[in-house]
1. Here are 94, 87: which of them is away from the ligand (no atom under 12 Å from the Cβ), modelled with pLDDT of 95 or more and out of contact with any helix residue (DSSP H, G or I) (no Cβ under 6 Å at 6 or more places or on another chain)?
2. Restricting attention to segment 190-220, which residues are over 17 Å from the mean Cα position of the chain (by Cα) and without any contact (Cβ under 8 Å) to a residue 24 or more places away in the chain?
3. Which condition breaks for residue 124 when tested against (1) crowded, with 19+ Cβ neighbours inside 10 Å; (2) more than 21 Å from residue 7 (Cβ to Cβ)?
4. Count, please, the residues in segment 50-82 that happen to be free of Cβ contacts under 8 Å to residues at least 24 places away in the same chain and within 25 Å of residue 116 (Cα to Cα).
5. Go over the candidates 148, 142 one by one and state the one that is within 24 Å of residue 89 (Cα to Cα) and out of contact with any strand residue (DSSP E or B) (no Cβ under 8 Å at 6 or more places or on another chain).
6. Does any residue of segment 3-16 turn out to be at pLDDT 95 or above, away from the ligand (no atom under 14 Å from the Cβ) and out of contact with any helix residue (DSSP H, G or I) (no Cβ under 6 Å at 6 or more places or on another chain)?
7. Looking at segment 186-203, can you tell me whether even one residue there is at negative phi, away from the ligand (no atom under 15 Å from the Cβ), surrounded by 11 or more Cβ atoms within 10 Å (Cβ to Cβ) and not in a strand (DSSP E or B)?
8. Hey, among 106, 68, which residue is buried (at least 17 other Cβ atoms within 10 Å of the Cβ), within 16 Å of residue 149 (Cβ to Cβ) and away from the ligand (no atom under 14 Å from the Cβ)?
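The values are calculated or read from the model by the stated rules, or taken from the named source; none is laboratory data. Bear in mind the structure is a predicted one, so any value in this text is a computation, not a measurement. All Cβ positions, even for glycine, are placed from backbone atoms using ideal geometry, and neighbour counts span all protein chains on display.
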Ligand code: PXP
(Lines give C-alpha, C1' and ligand atoms only; values in the text may rest on other atoms or scores of the structure.)
Protein backbone atom coordinates (compact mmCIF):
# COMPACT_ATOMS: atom_id res chain seq x y z
CA UNK A 1 0.00 0.00 0.00
CA UNK A 2 1.21 3.52 -0.79
CA UNK A 3 2.51 5.46 2.22
CA UNK A 4 0.41 8.56 2.96
CA UNK A 5 2.01 11.99 3.36
CA UNK A 6 0.95 14.42 6.07
CA UNK A 7 2.41 17.90 5.70
CA UNK A 8 3.54 19.86 8.74
CA UNK A 9 2.99 23.59 8.14
CA UNK A 10 4.57 24.90 11.37
CA UNK A 11 7.39 26.59 9.48
CA UNK A 12 5.04 28.67 7.38
CA UNK A 13 3.92 30.10 10.71
CA UNK A 14 7.56 30.46 11.81
CA UNK A 15 8.12 32.77 8.85
CA UNK A 16 4.97 34.75 9.62
CA UNK A 17 5.92 35.12 13.29
CA UNK A 18 9.30 36.59 12.26
CA UNK A 19 7.29 39.79 11.53
CA UNK A 20 4.28 39.04 13.77
CA UNK A 21 2.16 39.87 10.72
CA UNK A 22 -0.33 37.86 8.72
CA UNK A 23 1.76 36.34 5.92
CA UNK A 24 2.59 33.72 4.95
CA UNK A 25 -0.56 32.05 6.24
CA UNK A 26 -0.24 28.41 7.39
CA UNK A 27 -3.94 27.86 6.74
CA UNK A 28 -3.54 28.79 3.06
CA UNK A 29 -0.43 26.58 2.92
CA UNK A 30 -2.48 23.72 4.35
CA UNK A 31 -5.15 24.16 1.66
CA UNK A 32 -2.50 24.10 -1.05
CA UNK A 33 -0.91 20.99 0.46
CA UNK A 34 -4.30 19.29 0.41
CA UNK A 35 -4.94 20.36 -3.19
CA UNK A 36 -1.57 18.82 -4.11
CA UNK A 37 -2.62 15.50 -2.58
CA UNK A 38 -1.50 15.55 1.06
CA UNK A 39 -3.45 13.10 3.21
CA UNK A 40 -3.27 15.24 6.30
CA UNK A 41 -2.06 18.47 7.87
CA UNK A 42 0.10 18.54 10.99
CA UNK A 43 0.65 21.44 13.37
CA UNK A 44 2.38 21.67 16.71
CA UNK A 45 0.76 24.08 19.14
CA UNK A 46 3.70 24.79 21.41
CA UNK A 47 3.42 26.09 24.93
CA UNK A 48 5.44 29.18 23.91
CA UNK A 49 3.32 29.69 20.72
CA UNK A 50 6.50 30.31 18.75
CA UNK A 51 4.87 29.43 15.43
CA UNK A 52 1.32 28.05 15.32
CA UNK A 53 -1.24 30.14 17.23
CA UNK A 54 -4.57 29.00 18.64
CA UNK A 55 -6.36 30.96 15.91
CA UNK A 56 -4.51 28.90 13.28
CA UNK A 57 -5.63 25.71 14.94
CA UNK A 58 -9.26 26.84 15.01
CA UNK A 59 -9.18 27.93 11.36
CA UNK A 60 -7.50 24.69 10.35
CA UNK A 61 -10.17 22.73 12.21
CA UNK A 62 -12.75 24.53 10.09
CA UNK A 63 -10.95 24.22 6.77
CA UNK A 64 -8.89 21.01 6.67
CA UNK A 65 -10.73 18.46 4.56
CA UNK A 66 -8.30 15.59 5.06
CA UNK A 67 -7.05 14.94 8.60
CA UNK A 68 -5.85 17.49 11.09
CA UNK A 69 -3.12 16.17 13.37
CA UNK A 70 -2.36 18.34 16.40
CA UNK A 71 1.01 17.75 18.02
CA UNK A 72 1.10 18.76 21.67
CA UNK A 73 2.79 18.29 25.02
CA UNK A 74 0.94 16.30 27.68
CA UNK A 75 -0.20 19.27 29.78
CA UNK A 76 -3.60 20.20 31.20
CA UNK A 77 -3.73 23.31 29.03
CA UNK A 78 -3.11 21.36 25.80
CA UNK A 79 -5.48 18.55 26.74
CA UNK A 80 -8.20 21.15 27.28
CA UNK A 81 -7.51 22.83 23.92
CA UNK A 82 -7.49 19.46 22.11
CA UNK A 83 -10.76 18.37 23.72
CA UNK A 84 -12.36 21.67 22.63
CA UNK A 85 -10.89 21.76 19.11
CA UNK A 86 -11.28 18.06 18.32
CA UNK A 87 -8.51 17.48 15.77
CA UNK A 88 -8.71 14.15 13.91
CA UNK A 89 -5.47 13.00 15.53
CA UNK A 90 -3.57 14.17 18.60
CA UNK A 91 0.15 13.37 18.69
CA UNK A 92 1.78 13.60 22.09
CA UNK A 93 5.32 14.96 21.91
CA UNK A 94 7.92 16.05 24.47
CA UNK A 95 8.54 19.76 24.66
CA UNK A 96 11.41 21.81 26.05
CA UNK A 97 11.33 25.59 25.85
CA UNK A 98 14.95 25.98 24.71
CA UNK A 99 14.90 23.35 21.97
CA UNK A 100 15.00 24.39 18.31
CA UNK A 101 12.71 21.51 17.34
CA UNK A 102 11.36 18.37 19.02
CA UNK A 103 14.61 16.68 20.00
CA UNK A 104 13.69 13.15 20.99
CA UNK A 105 10.71 10.91 21.46
CA UNK A 106 8.44 11.09 24.47
CA UNK A 107 9.84 9.18 27.46
CA UNK A 108 6.82 6.93 27.86
CA UNK A 109 8.81 4.42 29.89
CA UNK A 110 9.72 6.99 32.53
CA UNK A 111 6.30 8.62 32.68
CA UNK A 112 3.80 5.90 31.77
CA UNK A 113 1.08 6.71 34.30
CA UNK A 114 0.89 10.44 33.57
CA UNK A 115 0.85 9.85 29.82
CA UNK A 116 -1.77 7.09 30.13
CA UNK A 117 -3.95 9.43 32.23
CA UNK A 118 -3.65 12.15 29.57
CA UNK A 119 -4.55 9.69 26.85
CA UNK A 120 -7.59 8.55 28.80
CA UNK A 121 -8.86 12.14 28.99
CA UNK A 122 -8.28 12.66 25.28
CA UNK A 123 -9.98 9.38 24.42
CA UNK A 124 -12.96 10.26 26.57
CA UNK A 125 -13.54 13.17 24.17
CA UNK A 126 -13.43 10.69 21.29
CA UNK A 127 -9.94 11.65 20.14
CA UNK A 128 -7.55 9.36 18.26
CA UNK A 129 -4.19 9.46 20.00
CA UNK A 130 -0.68 8.86 18.70
CA UNK A 131 2.57 9.06 20.71
CA UNK A 132 5.87 10.21 19.24
CA UNK A 133 8.58 7.81 20.46
CA UNK A 134 12.10 6.76 19.63
CA UNK A 135 12.30 3.41 17.82
CA UNK A 136 13.27 1.63 21.02
CA UNK A 137 11.80 -1.70 22.25
CA UNK A 138 11.29 -0.49 25.84
CA UNK A 139 9.55 2.72 24.81
CA UNK A 140 7.42 0.65 22.49
CA UNK A 141 6.33 -1.83 25.19
CA UNK A 142 5.55 1.07 27.53
CA UNK A 143 3.53 2.79 24.77
CA UNK A 144 1.45 -0.35 24.36
CA UNK A 145 0.36 0.04 28.01
CA UNK A 146 -0.94 3.58 27.59
CA UNK A 147 -4.06 3.03 25.53
CA UNK A 148 -2.69 5.00 22.54
CA UNK A 149 -4.01 4.05 19.11
CA UNK A 150 -0.81 4.77 17.20
CA UNK A 151 2.89 5.42 17.58
CA UNK A 152 4.87 7.84 15.45
CA UNK A 153 8.45 6.57 15.23
CA UNK A 154 11.11 9.27 15.48
CA UNK A 155 13.27 9.14 12.36
CA UNK A 156 15.68 11.86 13.53
CA UNK A 157 18.58 9.50 14.34
CA UNK A 158 18.18 7.88 10.93
CA UNK A 159 18.12 11.29 9.24
CA UNK A 160 21.18 12.48 11.20
CA UNK A 161 23.26 9.30 10.71
CA UNK A 162 26.68 10.20 9.36
CA UNK A 163 27.25 7.30 7.02
CA UNK A 164 25.59 4.39 5.25
CA UNK A 165 26.30 1.94 8.11
CA UNK A 166 24.73 4.28 10.65
CA UNK A 167 21.71 4.83 8.44
CA UNK A 168 21.22 1.09 7.99
CA UNK A 169 21.44 0.53 11.75
CA UNK A 170 18.84 3.23 12.41
CA UNK A 171 16.62 1.93 9.64
CA UNK A 172 16.72 -1.53 11.25
CA UNK A 173 15.56 -0.05 14.56
CA UNK A 174 12.65 1.63 12.79
CA UNK A 175 11.77 -1.61 10.98
CA UNK A 176 11.93 -3.66 14.20
CA UNK A 177 9.85 -1.11 16.15
CA UNK A 178 7.25 -1.15 13.39
CA UNK A 179 6.95 -4.93 13.74
CA UNK A 180 6.75 -4.64 17.55
CA UNK A 181 4.10 -1.95 17.31
CA UNK A 182 1.98 -3.99 14.94
CA UNK A 183 2.26 -7.00 17.24
CA UNK A 184 0.85 -4.78 20.02
CA UNK A 185 -1.95 -3.72 17.65
CA UNK A 186 -0.64 -0.18 17.49
CA UNK A 187 -0.84 1.64 14.18
CA UNK A 188 2.41 3.17 12.94
CA UNK A 189 3.54 6.43 11.40
CA UNK A 190 7.00 8.03 11.32
CA UNK A 191 8.65 11.36 10.90
CA UNK A 192 11.25 14.00 11.71
CA UNK A 193 14.17 15.01 9.54
CA UNK A 194 12.87 13.24 6.45
CA UNK A 195 13.79 14.87 3.17
CA UNK A 196 13.91 14.29 -0.58
CA UNK A 197 17.13 12.26 -0.22
CA UNK A 198 16.40 9.99 2.73
CA UNK A 199 12.63 9.41 2.59
CA UNK A 200 12.46 6.48 0.17
CA UNK A 201 13.98 3.83 2.45
CA UNK A 202 11.55 4.71 5.25
CA UNK A 203 8.57 4.75 2.90
CA UNK A 204 9.42 1.17 1.89
CA UNK A 205 9.06 -0.23 5.41
CA UNK A 206 5.94 -2.40 5.53
CA UNK A 207 3.50 -1.34 8.21
CA UNK A 208 4.32 2.38 8.30
CA UNK A 209 1.08 3.91 7.12
CA UNK A 210 2.06 7.53 6.89
CA UNK A 211 4.93 9.97 7.14
CA UNK A 212 4.78 13.41 8.75
CA UNK A 213 7.11 15.82 6.98
CA UNK A 214 7.57 19.55 7.42
CA UNK A 215 10.91 21.29 7.17
CA UNK A 216 12.16 19.82 3.89
CA UNK A 217 8.84 20.48 2.11
CA UNK A 218 8.58 24.07 3.34
CA UNK A 219 12.25 24.63 2.43
CA UNK A 220 11.69 23.35 -1.10
CA UNK A 221 8.51 25.41 -1.42
CA UNK A 222 10.43 28.60 -0.56
CA UNK A 223 13.16 27.96 -3.11
CA UNK A 224 11.03 26.55 -5.90
CA UNK A 225 8.76 29.60 -5.62
CA UNK A 226 11.64 32.13 -5.49
CA UNK A 227 11.98 32.73 -9.24
CA UNK A 228 8.26 33.40 -9.70
CA UNK A 229 8.11 35.67 -6.65
CA UNK A 230 11.00 37.77 -8.00
CA UNK A 231 9.51 37.94 -11.52
CA UNK A 232 6.13 39.02 -10.06
CA UNK A 233 7.86 41.87 -8.19
CA UNK A 234 9.92 42.96 -11.21
CA UNK A 235 6.70 43.14 -13.24
CA UNK A 236 5.39 45.73 -10.80
CA UNK A 237 8.43 48.00 -11.11
N1 LIG B 1 6.82 14.53 13.67
C2 LIG B 1 6.91 15.22 14.83
C3 LIG B 1 6.36 14.60 16.07
C4 LIG B 1 7.51 16.49 14.87
O5 LIG B 1 7.59 17.15 16.04
C6 LIG B 1 7.97 17.05 13.68
C7 LIG B 1 8.59 18.42 13.70
O8 LIG B 1 7.65 19.38 14.04
C9 LIG B 1 7.84 16.32 12.49
C10 LIG B 1 7.29 15.05 12.52
C11 LIG B 1 8.31 16.86 11.18
O12 LIG B 1 9.70 16.98 11.21
P13 LIG B 1 10.43 17.79 10.04
O14 LIG B 1 9.97 19.20 10.14
O15 LIG B 1 11.88 17.60 10.35
O16 LIG B 1 10.01 17.15 8.75
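1. Details: 94 fails: away from the ligand (no atom under 12 Å from the Cβ).
Just a single option satisfies the conditions, and that option is 87.
2. If the condition is that a residue be over 17 Å from the mean Cα position of the chain (by Cα) and without any contact (Cβ under 8 Å) to a residue 24 or more places away in the chain, then 197, 200, 204 are the ones that fit.
3. Failed condition: (1).
4. Just the residues of segment 50-82 that are free of Cβ contacts under 8 Å to residues at least 24 places away in the same chain, to begin with: 55, 62, 76, 80.
Adding the requirement that they be within 25 Å of residue 116 (Cα to Cα) leaves 76, 80.
Residues flagged as free of Cβ contacts under 8 Å to residues at least 24 places away in the same chain and within 25 Å of residue 116 (Cα to Cα) within segment 50-82 amount to 2.
5. On the way: 148 fails: out of contact with any strand residue (DSSP E or B) (no Cβ under 8 Å at 6 or more places or on another chain).
Only one candidate qualifies: 142.
6. Yes, there is a match, as at least one residue in segment 3-16 is at pLDDT 95 or above, away from the ligand (no atom under 14 Å from the Cβ) and out of contact with any helix residue (DSSP H, G or I) (no Cβ under 6 Å at 6 or more places or on another chain).
7. Yes, segment 186-203 has at least one match.
8. Values: 106 fails: away from the ligand (no atom under 14 Å from the Cβ).
Sole residue among the options that is buried (at least 17 other Cβ atoms within 10 Å of the Cβ), within 16 Å of residue 149 (Cβ to Cβ) and away from the ligand (no atom under 14 Å from the Cβ): 68.
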